[in-house]
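Let me begin by presenting the structure, written as structure tokens, before commenting on it.
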């Protein structure tokens, strides 16, 4: 959930906002952040999302709140992330995260995974985030969860991001551009989801417009 700029020339920003693949960064101790986005042009999943989070030492506490089409009331996704190794400036970052999704007061989903982040070049313009863990839907047993995300810093302000997440019978892809303005950034994201049990034309799709800020 972190939105952290790596403090090196032309460094890529971490994952965050409406992206599903998480990085190993956390909000700094005593600081908070807000990630928010509007989902539109989808086939039935339009909605508004807000994800505040705050850091306490190496731990980040946050919650994603959302409402939209076919959702009565507000959905909540509380989560906790513990950074085991800080890789924001160099080396490999490692963090553990767990979160749950609640709809209409009932638990709908649980996830737990390890998030790692590392650079592929000395300038860390090209960053990779990898997630490995488990996902448990209330209708099924636990299943593996895998995710890979790439961030490419084109300039100090502009970053391209792409990702893919594999869960039970489902593959989700997203990609877009992030433009930074000091401690804030704007996201334009295009995404799609395919289920193995359905024909490709039945897959969902969307466009997200997001705003992220640290304070």
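The values are calculated or read from the model by the stated rules, or taken from the named source; none is laboratory data. In this text, all values refer to a predicted model and were calculated from it rather than measured experimentally. As a convention, Cβ positions derive from the backbone with ideal geometry for all residues, glycine included, and neighbour counts pool all protein chains shown.
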Only one of (1) closer than 24 Å to residue 151 by Cα; (2) surrounded by 14 or more Cβ atoms within 10 Å (Cβ to Cβ); (3) touching a residue at least 24 places away in the same chain (Cβ under 8 Å) is not met by residue 76, so which one is it?
(1)
For the list (1) in contact with a strand residue (DSSP E or B) (Cβ under 7 Å, 6 or more places away or on another chain); (2) surrounded by fewer than 24 Cβ atoms within 10 Å (Cβ to Cβ); (3) at pLDDT below 95, I need the number of the one condition that residue 32 fails.
(3)
Among 109, 89, which is modelled with pLDDT under 95 and not in a strand (DSSP E or B)?
89
Flag if residue 62 is closer than 29 Å to residue 140 by Cα, part of a strand (DSSP E or B) and modelled with pLDDT of 95 or more
yes
Given the options 177, 148, name the one that is modelled with pLDDT of 95 or more, in a strand (DSSP E or B), under 13 Å from the mean Cα position of the chain (by Cα) and surrounded by fewer than 17 Cβ atoms within 10 Å (Cβ to Cβ).
148
Could you grab me the full set of residues in the stretch 115-143 that are surrounded by fewer than 15 Cβ atoms within 10 Å (Cβ to Cβ) and assigned to a loop (DSSP other than H, G, I, E, B)?
120, 121, 122, 123, 138, 139, 140, 141
Scan of the stretch 92-106 for residues that are in contact with a strand residue (DSSP E or B) (Cβ under 7 Å, 6 or more places away or on another chain) and not in a strand (DSSP E or B), ordered by number
92
Go through (1) surrounded by 21 or more Cβ atoms within 10 Å (Cβ to Cβ); (2) modelled with pLDDT under 80 one by one and return the number of the condition residue 19 breaks.
(2)
Could we say that residue 194 is farther than 27 Å from residue 55 by Cα, modelled with pLDDT under 95 and assigned to a strand (DSSP E or B) here?
yes
